[in-house]
Amino acid sequence: MNKSACIFCGSAIGNRPQYRQKAIDLAIELVRNNYTLVYGGSDIGLMRVIADTVLSEGGYVKGVMPHLLANREIVHREISEMIFTDTMEERKRVMGELSDCFIVMPGGIGTLDELFEVMTWNQLEISVKPIAIYNVEGYWNDLIKQLDHASAEGFIRQEHRDAIIISEDPAELLSKIAGWHPASSPKEWVEKLKSDTAELHTNLQNQPK
Ligand code: AMP
C-alpha cells in the first residue's frame, strides 16, 4: 500500500519564485517515493503548485476541504479524490487520519495553525507521526529559533523539539521521515511536570514568612 504525505502550505504563492520551484521539487520527490498527496484541496497558491505537480508526475492527490471554505477557497476540480468535511477541525482530523507524515512548506496563518495542531497531537500522543519542516530559503528560521527558545526556557520538552525534522532538501526530508522515531512517552514527562510543580509548591510553602 502507498504511503500518504500530508502537505500544509500557503494558499498564497509567496513573493519569490523559489517558493514555487521548491514546491515543484518536493512534489516530484513525493511521487518518486510513491507517496499519495493529502492536502487542503484548493487550486490557489503553493497548494495548487504541489497538487498540479503531483498530478502531472502521475501521482495520486486527495484533497480535504470543509464546506465552509469550498465557497471561499477555490476548489481544485482535477484532483484524484476530494473529501468534504463539515468543519475546519474535522478537516484537520481527516487529513491526519489519511496521512503517514506531515510536511510543512512556507505558508501563513492556516499553515501555522496546522503545524501546531499536529505538534500538539504528537506531544499528547493523540496521534504520533513524523512532522517535517521544509525550510525553503530559510523561511522557517525564526520559527525554529522560537521553538529552540521555548525549549531552552523549559516550555517545550527537548525531545519534542528534537522530534521535528527540518531540511530544505526534499530527498533528505523524505529519508529522515522514513527513519523517524517518536519522542519518549508523555507519561514520563507528565510525571516530571507534576513532580517539578509539587517540589516548587513545597519550596514556596517552606519559605519563611
Ligand atoms: P494559509 O497558510 O493561511 O495560506 O492557509 C493555508 C491553508 O490552511 C488554507 O487551506 C486554509 O484554509 C487552511 N487553514 C487551516 N486552518 C486555518 C486557520 N485557522 N486560519 C486560516 N486558514 C486556515
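A few notes on this one:
- Fully extending the segment from Asn2 to His181 would add 62.4 nm, taking 0.36 nm per residue of separation and subtracting the current Cα-Cα distance.
- In nm, spacing of pseudo-spin labels at Glu168 and Ile28 (7 Å Cα→C-beta vector): 1.8
- Estimated translational D of segment 13-84 in µm²/s (Stokes, Kirkwood radius over Cα pairs; 20 °C; 1.002 mPa s): 176
- FRET E, pair Arg161, Arg77, Förster distance 41 Å, beta-carbon r, rounded to 0.05: 0.55
- Each Lys and Arg Cβ is given +1 and each Asp and Glu Cβ -1; about its Cα centre, the chain then shows a dipole of about 120 debye.
- Heavy-atom accessible surface of the chain: percent carbon and sulfur, 1.4 Å: 52
- Long-range Cα-Cα pairs in segment 1-123 (distance over 20 Å), rounded percent: 35
- Distance violations [Cα-Cα > 21 Å] among Lys3/Lys145; Lys92/Lys194; Lys22/Lys92; Lys129/Lys176; Lys3/Lys129: Lys3/Lys145; Lys92/Lys194; Lys22/Lys92
- Accessible area in square angstrom per residue, segment 3-183, 1.4 angstrom probe: 47
- A Förster radius of 25 Å combined with the Cβ-Cβ distance from Ala70 to Leu112 puts the calculated FRET efficiency at roughly 0.70.
- Using the alpha carbons alone, the radius of gyration of segment 44-188 stands to its Kirkwood radius in an Rg to Rh ratio of 0.97.
The values are calculated or read from the model by the stated rules, or taken from the named source; none is laboratory data. If you're wondering where the values come from, they're calculated on a predicted model, not measured in any experiment. Glycine also receives a Cβ, built like all others from the backbone with ideal geometry; neighbour counts cover every protein chain displayed. Keep in mind that these areas ignore ligands, DNA and RNA; they rest on the heavy atoms of the full protein, side chains included. Shrake-Rupley method; radii C 1.70, N 1.55, O 1.52, S 1.80 Å.
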